[in-house]
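All remarks here apply to the structure that follows.
The values are calculated or read from the model by the stated rules, or taken from the named source; none is laboratory data. Predicted, not measured: the structure shown is a model, and the values here were computed from it. All Cβ positions, even for glycine, are placed from backbone atoms using ideal geometry, and neighbour counts span all protein chains on display. Side chains are part of the model used for accessible areas, which takes the heavy atoms of the whole protein and leaves out ligands, DNA and RNA. Shrake-Rupley method; radii C 1.70, N 1.55, O 1.52, S 1.80 Å.
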Amino acid sequence: MADADTDRRAARRPLSPHLTIFKPILTMMMSIAHRITGAGLYAGMALLTLFLLGAAIGGGAFSAVSWIASGFVGNLIILMIVWAIFHHLLGGVRHALWDRGLYMDPQGRELLAQGTLVGGILLTLLLYIFKTLAS
Amino acid sequence: MSVSTRFKSGRTGTGDAYVSDHGGSPHAQFMRLTSYALIPLGALSAWWILGIAGKPLDGVRAEIGRPIPALVLLAFGVVGMIHARKGMDDIIEDYVHDEALKAQALVANLWASRAIAALWVVAILLIAAPK
Ligand code: HEM
Ligand code: HEM
């Protein structure tokens, strides 16, 4: 039974990467951050959907969900969603560049990792300032 | 002596060693295509999502009830959740190793993503509908 044998051996094989033994480097952190922001946006979209439903129905329904987008917690949630969109978006652009074989050398990929990190925060701040000035 | 390897694709015939044959390339291609659409949709949506922060009910409805924000947010919600479902499938497949649990998680993800997209669309249509 070659199949069963392979299965048993596969189950015993250690999983890589081993979380505890690698030195954290920026490109790696940005790779992980892409996954975390993706999963975070999933949750963020669920929260926003609740909020929009409340806003669509109005009255008591809106009062029940307004914590999602106002007050300290609400502002923080919205700001985190906007940051996650920008960070994940830039991460996506980075993937698109890599797909074309660009910026794959040590300097290039470091630049993209830094650009993703700084760019996500910068775009969020810029948008926040613009929005505050516009209203 | 045979020079063929033990690694064979499930489509071309069964080998006795693991070869993923679950459509990885179409999956990656799908993530790419949806992500291209999500670049403009996401950037624009961020603007209006930030715009609803701290607003009273009238302000929220005014911010996203106009045709252009409503249409962009609709597209962002639908394309975003299709993309997010496939992305979450990746995450589940990476971390959930129990086959039964994995199957349940994948189905839960499918329906959660559909529910979010559907309710998102309903909410925005209600907000943007001419009164
Ligand atoms: C603390 C350690 C690490 C964690 C938590 C981690 C986490 C992750 C995550 C979440 C992904 C999926 C995101 C993506 O595809 O962009 C990923 C992908 C990947 N990681 Fe890591 N990683 C770690 C260290 C490493 C190291 C040290 C290497 C190489 C020596 C490595 C090689 C890769 C490769 C090649 C992929 C792409 C896999 C694919 O395309 O399917 N990782 N990692
Ligand atoms: C704003 C524009 C967006 C762009 C440009 C984008 C781009 C991408 C790309 C290229 C990937 C594949 C990464 C890889 O192959 O490792 C990905 C993964 C993912 N995306 Fe997005 N995305 C966007 C928005 C969203 C939104 C709104 C959500 C959630 C509602 C989301 C959830 C996810 C998830 C869960 C993954 C899987 C993460 C992983 O496997 O590590 N994305 N995104």
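General remarks:
- Filtered residue count, the range B:36-53, keeping only those that are surrounded by fewer than 16 Cβ atoms within 10 Å (Cβ to Cβ) and not hydrophobic (A, V, I, L, M, F, W, C): 2
Quick grid of which residues meet (1) within 9 Å of ligand 1 (Cβ to nearest atom); (2) in contact (Cβ under 8 Å) with a residue 40 or more places away in the chain; (3) in a helix (DSSP H, G or I):
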position: A:Leu19; (1), (2), (3): yes, no, no
position: A:Phe22; (1), (2), (3): yes, no, no
position: A:Thr27; (1), (2), (3): no, yes, yes
position: A:His34; (1), (2), (3): yes, yes, yes
position: A:Gly38; (1), (2), (3): yes, yes, yes
position: A:Leu41; (1), (2), (3): no, yes, yes
position: A:Met45; (1), (2), (3): no, no, yes
position: A:Thr49; (1), (2), (3): no, no, yes
position: A:Leu52; (1), (2), (3): no, no, yes
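- Residue in the range B:59-73 that is farthest from the other protein chains (Cβ to nearest Cβ), counting only those that are of a type in the set (A, V, I, L, M) and buried (at least 18 other Cβ atoms within 10 Å of the Cβ): B:Val72
- Any hit, the range A:67-79, residues being at the interface with chain B (Cβ under 7 Å from one of its Cβ atoms), free of Cβ contacts under 8 Å to residues at least 24 places away in the same chain and open to solvent by 50 Å² or more (accessible area, probe 1.4 Å): yes
- The range B:46-58: number of residues that are more than 7 Å from chain A (Cβ to nearest Cβ) and either aromatic (Phe, Trp, Tyr) or in a helix (DSSP H, G or I) (or both): 2
- Unmet requirement for B:Ala28, which otherwise passes all of (1) touching a residue at least 40 places away in the same chain (Cβ under 8 Å); (2) within 8 Å of ligand 2 (Cβ to nearest atom): (1)
- Only residues that are within 8 Å of chain A (Cβ to nearest Cβ) and modelled with pLDDT under 85 were counted in the range B:7-45, giving 3.
- In the range A:96-132, the residues that are away from chain B (no Cβ under 14 Å), among the small types (Gly, Ala, Ser) and in a helix (DSSP H, G or I): A:Gly108, A:Ala113, A:Gly115
- Residue within the range A:95-108 that is touching a Phe, Trp or Tyr at 6+ places or on another chain (Cβ under 7 Å), open to solvent by less than 80 Å² (accessible area, probe 1.4 Å) and over 25 Å from A:Met45 (Cβ atoms) present: yes
- Count of the range B:74-111 residues which are more than 16 Å from ligand 1 (Cβ to nearest atom) and touching a residue at least 12 places away in the same chain (Cβ under 8 Å): 14
- Residues of the range B:85-105 satisfying the condition of being more than 10 Å from ligand 2 (Cβ to nearest atom), open to solvent by less than 70 Å² (accessible area, probe 1.4 Å) and out of contact with any helix residue (DSSP H, G or I) (no Cβ under 6 Å at 6 or more places or on another chain): B:Ala100, B:Lys102, B:Ala103
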